[in-house]
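A quick write-up on the structure given underneath.
Only the coordinates and a few stated rules stand behind these numbers; no lab work does. Computed from a predicted structure; not experimentally measured. Here the Cβ positions follow ideal geometry from the backbone for every residue, glycine too, while neighbour counts run over all protein chains shown.
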């Protein structure tokens, strides 16, 4: 029974790791290509007005951060998952404060919970990994 529990826990951790690793990488890369969506639409007008550079430049910086965060989740999920969770909360708060794309904000908060669960679950399937 203990072996089946550990195997299922590892499968779930792997699924969360791949999801929270690949999605930020894809979203980050899309900040450069714009194939999936027009990311500038998600940028609050007030925030865009405060930027010292073009919104497109800001989105590319965001894209790089997302790619790095996704790679960190894949390489070091016990740490990277906390980074992704925090990043998703920041994105959701930005969307909520502007009261634009509230549905996306809620989705990002749910994804942040999943990333947090990944961070907490990882030490259970990798006993040598300390809990952060």
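Working note: 222 nm ellipticity from helices only, DSSP H runs with n ≥ 4, each -39,500 (n - 2.57), summed and divided by the residues of the chain, gives -27500 deg cm²/dmol to the nearest 500. Most tightly packed first, judged by the mean number of other beta-carbon atoms within 10 Å of their residues, the peptides 34-46, 103-115, 80-92, 6-18 read 80-92, 103-115, 6-18, 34-46. Taking every pair of Cα atoms in the chain, average 1/r, invert it to obtain the Kirkwood radius, and report Rg/Rh to two decimals. Dividing the radius of gyration by the Kirkwood radius yields 1.05.
Altogether, the Stokes-Einstein calculation at 20 °C and 1.002 mPa s, with the Kirkwood radius of the range 60-101 over Cα pairs as Rh, returns a diffusion coefficient of 198 µm²/s. To the nearest 10 degrees, how steep is helix 2-33 against the longest Cα principal axis of the chain, on a 0 to 90 scale? With both axes taken from Cα atoms, the answer is about 20 degrees.
Can you tell me the orientation of helix 102-125 relative to the chain, as the angle in degrees between its alpha-carbon axis and the longest Cα principal axis, to the nearest 10? Helix 102-125 sits at roughly 30 degrees to that axis.
What is the angle, in °, between the Cα long axis of helix 55-75 and the longest principal axis of the Cα atoms in the chain? Nearest 10 is fine, range 0 to 90. Between the helix axis and the principal axis of the chain, the angle is about 0 degrees.
How do 19, 122, 33 rank when sorted from fewest to most other Cβ atoms within 10 Å of their own Cβ? Don't skip to the answer; put the middle values down first.
Values: 19 15, 122 23, 33 8.
Least to most surrounded, the residues fall as 33, 19, 122.
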